[in-house]
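Reviewing the structure listed below.
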Amino acid sequence: MLRIAVLTSGGDSPGMNAAIRAVVRKAIYHGLEVIGIQRGFSGFIEADMGPMNLGSVADIIHRGGTILRTARSEEFMTSQGRARAYANVERFGIQGLVVIGGDGSFKGAEIFHNEFNVPVTGVPGTIDNDIAGTDYSIGFDTAVNTVVEAINKIRDTATSHERTFIVEVMGRESGCIAMTSGLAGGAESILIPELEYNLDEVCDKLYRGYKRGKLHSIIIVAEGAASGIDVSRAIKEKTGLDTKVTILGHLQRGGTPTAFDRILASRMGARAVDLLMSGYRQHMVGMVAGEIIACPLETVFTVKKPIDMDVYNLAGILSI
Ligand code: F6P
């Protein structure tokens, strides 16, 4: 293998740059050439790509976002789009592709591999942490820390005013950010898309807390479970409590990656190069029980990552 390419795709996540850096530098260490593809699969189709060297990835390990830019490409979903991308594989002499992104990006990569037999390796990069086959995806830890920092600040004003705050966090299909930041932030209730919830029970718990003298309450709502505004309105109506809502939105996707995410990204990016060099053709790198592993890409689509009920239940018990 002489030349590989790397792209970032889907929603960005803090630590993607550290992963790009690891791919480029590990590949160069082994004597490979690296092509950087801009704007994900869109740039793959449009031939928006060029060679990367050691200097291309200097001074990025601490930066959020992705220097390669990212996109969600409709055209890559079509066979014509993928054929155009394959023409660029031939034109640029690409012998392996590293895709840093989420499950949608991996699906595209797998179809592309099946059609054109180009070896692909996935590196899980999404704040949602909803990818089966890995305990952690790049960016999740940073996003959780961002949410916890926000909860800390909200707590200050919530206490002063004796208010209930609804904090809406990201996670269209996954409650992982909500659940983890809810435990770390001491939230009274956590609403996630994977579990049914009952607003009357949420309100009863709020009432019990206020009777015991609690000055404030924090309820975390994953965007995929409900709209924070709707939950806030309903709680206000049911309880009469002074209720406010904060929607954290896309700020959860930015910021300097935590040390955990930088290390995870560095290890995963480097292993992705190893996999391609060792002849793996259709795998994703993951971290399971602290070890960096390889799992077949199809795991991502055939297995739904379960939420950790121990964590969810513990958050409920501790915020009684
Ligand atoms: O990165 C994942 C995610 O943050 C989801 O939690 C969210 O629903 C989605 O991306 C929103 O992304 P965009 O606004 O870029 O479409």
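Given their separation in residues at 0.36 nm each and the Cα-Cα distance between them, Tyr210 and Arg172 gain 10.6 nm when the chain is fully extended. For Lys153, the solvent-accessible surface computed with a 1.4 Å probe is close to 130 Å², ligands and nucleic acids excluded.
Residue separation times 0.36 nm, minus the C-alpha to C-alpha distance between Arg91 and Leu251: what's the value?
Going from the current span to full extension adds 53.8 nm.
The distance between label points at Leu318 and Ile229 comes to 3.3 nm (points 7 Å beyond Cα on the Cα→Cβ vector). Taking all protein chains into account, the per residue accessible area for the chain stands at 43 Å² (1.4 Å probe).
So, with +1 on the Cβ of K and R and -1 on the Cβ of D and E, and no other charges, what is the size of the charge dipole of the range 142-254 about its Cα centre, to the nearest 20 debye?
Values: 14 positive and 15 negative charges, 84 e Å.
With only Lys, Arg, Asp and Glu charged at Cβ, the dipole is about 400 debye.
Placing Asp204, Asp141 in order of accessible area, with the largest value first and a 1.4 Å probe, yields Asp204, Asp141. Work through the residues other than Met77 whose Cβ is under 15 Å from its Cβ and net out their charges, Lys, Arg +1 and Asp, Glu -1. That sum, taken over residues with Cβ under 15 Å, equals -1. Over the range 142-254, the reciprocal of the mean inverse Cα-Cα separation, the Kirkwood hydrodynamic radius, stands at 13.7 Å. Springs between Cα atoms under 10 Å define the GNM used for the chain, and in it the highest mean-square fluctuation of Asn145, Asn53, Asn17 occurs at Asn53. Protein-only accessible surface at a 1.4 angstrom probe places the residues Arg84, Arg69, Arg212 in the order Arg212, Arg69, Arg84, largest first.
Within the shell of other residues whose beta carbon sits under 15 angstrom from the beta carbon of Pro257, the net charge comes to 0, with Lys and Arg scored +1 and Asp and Glu -1.
Within the shell of other residues whose beta carbon sits under 14 angstrom from the beta carbon of Phe44, the net charge comes to 0, with Lys and Arg scored +1 and Asp and Glu -1. Among the GluC sites (Glu not before Pro) found in the range 83-170, those both in a DSSP coil and sparsely packed, with 14 or fewer other Cβ atoms within 10 Å of their Cβ, are Glu162. Checking the cross-link pairs Lys153/Lys211; Lys26/Lys107; Lys244/Lys304; Lys26/Lys153 against a 29 Å limit on the alpha carbon distance flags Lys244/Lys304; Lys26/Lys153 as lying beyond it.
Considering every Cα-Cα pair within the chain, what fraction, in whole percent, is farther apart than 33 Å?
Values: 15853 of 51040 pairs.
Tail of P(r) above 33 Å: 31 percent of Cα pairs.
When all alpha carbon pairs of the range 1-57 are counted in 10 Å bins from zero, the resulting P(r) reads 25, 53, 22, 0 %. With all protein chains in place and ligands, DNA and RNA left out, the 1.4 Å accessible area ranks Glu194, Glu46, Glu188 as Glu46, Glu194, Glu188, largest first.
Restricted to Cα atoms, the range 215-287 shows a radius of gyration and a Dmax of 20.9, 63 angstrom.
Could you estimate the translational diffusion coefficient of the range 95-187 from the Stokes-Einstein equation, with Rh from the Kirkwood formula over C-alpha pairs, at 25 °C and 0.890 mPa s, in whole µm²/s?
Values: Rh = 15.2 Å.
D, rounded to a whole number, is 162 µm²/s.
Once the Cα atoms are used to define both axes, helix 140-161 deviates from the longest principal axis of the chain by about 20 degrees.
Across 5 Å bins from 0, what is the distribution of all Cα-Cα pair distances for the range 25-136, in whole percents? P(r) over the range 25-136, rounded to whole percents: 2, 11, 21, 24, 21, 14, 6, 1. Here the accessible area is traced with a 1.4 Å probe on the protein chains. For the chain, carbon and sulfur cover 51 percent of it. Have a look at Met49, Met179, Met309 and tell me which one the Gaussian network model of the chain (Cα, springs below 10 Å) gives the largest fluctuation. Judging by the Gaussian network model, the answer is Met309. Taken as Cα centroids, the range 223-287 and the range 105-127 sit 21 Å apart, rounded to the nearest whole angstrom.
Based on DSSP H segments of at least four residues, each scored -39500 (n - 2.57), the chain has a per-residue ellipticity at 222 nm of -13500 deg cm²/dmol.
The values are calculated or read from the model by the stated rules, or taken from the named source; none is laboratory data. Keep in mind that what you see is a predicted model, and the values were worked out from it rather than measured. Positions of Cβ are backbone-derived with ideal geometry, glycine not excepted, and every protein chain shown enters the neighbour counts. To get the accessible areas, we keep the full protein, side chains included, count just its heavy atoms, and leave off ligands, DNA and RNA. Shrake-Rupley method; radii C 1.70, N 1.55, O 1.52, S 1.80 Å.
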